[in-house]
1. Is it fair to say residue 403 is among the aliphatic types (A, V, I, L, M), under 24 Å from residue 458 (Cβ atoms), in a strand (DSSP E or B) and over 20 Å from the mean Cα position of the chain (by Cα)?
2. Could you pull out every one of the strands (runs of 3 or more DSSP E) wholly within region 79-136 that has 1 or more residues that are at pLDDT below 95, more than 17 Å from the chain's Cα centre (by Cα) and not aliphatic (A, V, I, L, M)?
3. Quick one: which residue in 34, 40, 16, 29 is of a type in the set (A, V, I, L, M, F, W, C) and not in a loop (DSSP other than H, G, I, E, B)?
4. Among residues belonging to region 54-75 that are touching a residue at least 60 places away in the same chain (Cβ under 8 Å) and in contact with a Gly (Cβ under 9 Å, 6 or more places away or on another chain), point out the one that is surrounded by the fewest Cβ atoms within 10 Å (Cβ to Cβ).
5. Test each condition in (1) at pLDDT 95 or above; (2) surrounded by fewer than 20 Cβ atoms within 10 Å (Cβ to Cβ) for residue 330 and report the one that comes out false.
6. Being more than 24 Å from the chain's Cα centre (by Cα) and touching a residue at least 40 places away in the same chain (Cβ under 8 Å) is the filter here, so list the residues in region 411-430 that pass it.
7. Which one is surrounded by the fewest Cβ atoms within 10 Å (Cβ to Cβ) among residues in region 640-659 that are assigned to a loop (DSSP other than H, G, I, E, B) and not polar (S, T, N, Q)?
8. Within region 274-291, can you find the residues that are within 16 Å of the chain's Cα centre (by Cα) and either at pLDDT below 95 or part of a strand (DSSP E or B) (or both)?
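The values are calculated or read from the model by the stated rules, or taken from the named source; none is laboratory data. Remember, it's a predicted structure, so these values are computed and weren't measured experimentally. Here the Cβ is made from the backbone with ideal geometry for all residues, glycine too, and neighbour counts use every protein chain on show.
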Amino acid sequence: MSETVRTHLRVRASELVGRNWLNTGGKSLDLEALRGKIVLLDFWTFCCINCLHVLDELRPLEEKYSDVLVTVGVHSPKFEHEADPVALAAAVERYEIHHPVLDDPELETWKAYTARAWPTLVVIDPEGYIVAHLSGEGHADGLSVLIPELIAQHEAKGTLHRGNGPYVAPEPTSGTLRFPGKALFLPAGRGTRSNGASDGGTSDGAAPDAGSWLVTDTGHHRLVELDTDFHTVLRTYGSGTKGYADGPGADVDSVKATAQFNEPQGLVLLPEDVAAKTGYDVVIADSVNHRLRGLSLADGTVTTLAGSGVQRLLETGPARVDEDAAGFTGRLSDHPLDVALSSPWDVVWSAKLDAVVVAMAGVHQIFSFDPVSGAVSILAGNGLEGLLDGPAHEAWFAQSSGLAEDSDGNIWVADSETSALRKLVIDDDGTVTVESAVGKGLFDFGFRDGPAADARLQHPLGVTVLPDGSVAIADTYNGAVRRYDPATGTVSTLARGLSEPSDVIVDHTHTAGSEPLLVVVEANKHQLIYVPIPKEAQQVDEGAVQTHRPKSPVAPGTLELTVRFTAPTGQKLDDRWGDPTQLKISSTPPELLVAGGGTSVGLQRTLELSSHVPEGVLHITARAAACDGPETADGEIPDHAACHLYQQDWGIPVVLQADGDTELVLDLRGMD
C-alpha cells in the first residue's frame, strides 16, 4: 500500500451537519448513507475564485469514478450574502455543480473538520475514516493516484459499493440569458446592423442603428447582442457549448457557429484604429479557459489572443520556488499564446497605456495586453491576497473583478474579496501607484453610506465612471448600486433590491436633456435593466461587519508555525535548486507580528506575536514544488519530468489570550 494512504492513525469522520441539502431531491444525507463510497468533502464558498478552480479540477475525477466517488460540497460562507439559501441555490446552478451540496451557514461542519482556508478538501474512505486533508487548489493529480489506491484496497476488503450516487439535478430557472456577467455598448457603426446582418432574432422594422448591447451570457457560454430594449436578440456568438475552440462564432449564411467559450466575463471594444490593425473588435475575458479571446464583429470570427490555457499559479518554467516566482516582473512575454493566465475577469482599454488592462482575478494581479505587439505584462500587484496600497510592485489585490477608466486615464478597480474600490493612478511615464478609496481588508464588509473611511461594500464585481467623475459600483452581495464621489469622499446608494448585480455601465442611448441612466446586469435574474441616476442618492447605514469565521485563540509571544506537505505518490520534492518550499508571512495590523515575518524557504517558522495587539489576521502563503517520478537509479528526478507547484494563501483571524495556542499547524497537503 502506498505511503500516502497508511491508516495507522484511524480518525473517524465527523457527521455532516448544516441547514439544508441541495442537489439531493430534497433528501438529507449522512455519512451512514454514504458508507461504501469514497467521499470527497469540498469546503468552498461561492465568492472564492480558488474554490471555483477546484470545482473544475474535480469534474474529470467525478466523471471517471462516478460509481465509487461521491463529492459533497460543504458551503461554508465568508460573506453575509453567501449565507442566503436563495443565493446559494443560484450559485450551485450558475457553476453547474453536479454533486450534493451541504448548506453550512453556521460553519458547524467546517469547524468539525478543522478547515482553515477556502478551499479545503477532505477524503473519507468507504469505512468512514479520514485519509487525506488538503488545502488550496492543484490536488487533482494527487487525488487521481489516491482514489485508485482506495478502490483497490476496499474492493479487496469487500467494503466498496459500486453504483449511482445521491446527486439529483435541480430544475433550471433561466431564459434567453443565464447568469450574465458583463455588458458592453456597441455604438452605431460597430454592431450587427452596421454589418448588414439580418439574423432570425431581429424584429421586423427594427429601428435605425442606435447601437446595441453585447452581453456575456456566462451560464450559456456565449455572447449575445441585444437591441436597446434588452429583449430583441440581434445575434449570438459562440455555439453555446462549454469548451474551447476558435473559428466561426456566429451563424452567418450557411456557416454554423463552432467557436466555444467557458464562462466568458469581461468585454472591451477596441478603438477603431486599433481594431483595423488587429482584425478584431472586441477582447473577451474567457475566464475558465484562462484566455483572452478576440471577436470580429464583421463576420463573427473568434480567435485566441493570449493565454496558453494552463492556469497560472506562479511563473512558468522550472519548478523552483523563489522570491521572484509570484512577484512583480513587469513584462512577461511578447508571445502571448505561451503565457499562462488565471481567470481573467474583466478588461478595459487604457488610452494612456495604449493597451488592454486585465483584472487577473485568479492570481490577484492586474495585467496589461498590447493587441498590436502581443506583449503581456504585469501592471500591478505582487500576487499576495489582501489590501495594500503603494507602488505597483508592492500592492496587494484580492480577486479584482471590475475595471473602468476615468477621464484622467486612471483605472478604477472593484476588488471583490476585500469589498473595496481601488484605483490605479497612472503617471504620464507609465508609473503606476495603487490607492484605495473604499474598503478595509479581507474580512471587513457591510452596507454603509457616508464618509469613505467608514463606508462598506460587500463583494463588488463591477464599476463605471459617471459623467460627473464620480464612480458607480455594482455592489453585488448587497444587491445594490453604490456611488463614490471623489470630490466629497463619500459613498451613497443609487439603487437597491437587485439580485446580484455583476456589472454597471453608463447608458449611451438616452436623449439629450433627459435624466441619465445606468444599465445594470442583474445576474441572478438573468437580465439587463435600466436604473435612473437620481440627483440625490439614498443614505444607508446598516452597519459594518466582519466575516463570522471563528477567530483562532493564540498566546502572545512565541507561536510555532508548521505547514504540513506530503508529495503525492509518484512525485518527489524538487530540490535540484535548493529547498523547494517557501513561506511568506505578514499580519494585519503589522504590529501584531513582532518577529518571524517575511519570505524564506522551509515550511516551519517561529513567530513572535505582540502582547499589545488584542486581535488581527495572520497572512500566510505556503508553496512547494514536486516533480513526477519514477526516480532514476541515483535517486534524482529524471530530465523532462512533469513538475507541479502547490500553493495556498491563508488569512487566519486570531485573538490573543494568555491560554491560547502556542502552535499553529496547517495542511498544504496532509495525508493521514
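1. Criteria not met by residue 403.
2. 129-135
3. Only one candidate passes the filter, namely 40.
4. 67
5. Failing condition for residue 330: (1).
6. Residues satisfying the conditions are 426, 428, 430.
7. Of everything passing the filter in region 640-659, 659 is surrounded by the fewest Cβ atoms within 10 Å (Cβ to Cβ).
8. Selection gives 285, 286, 291.
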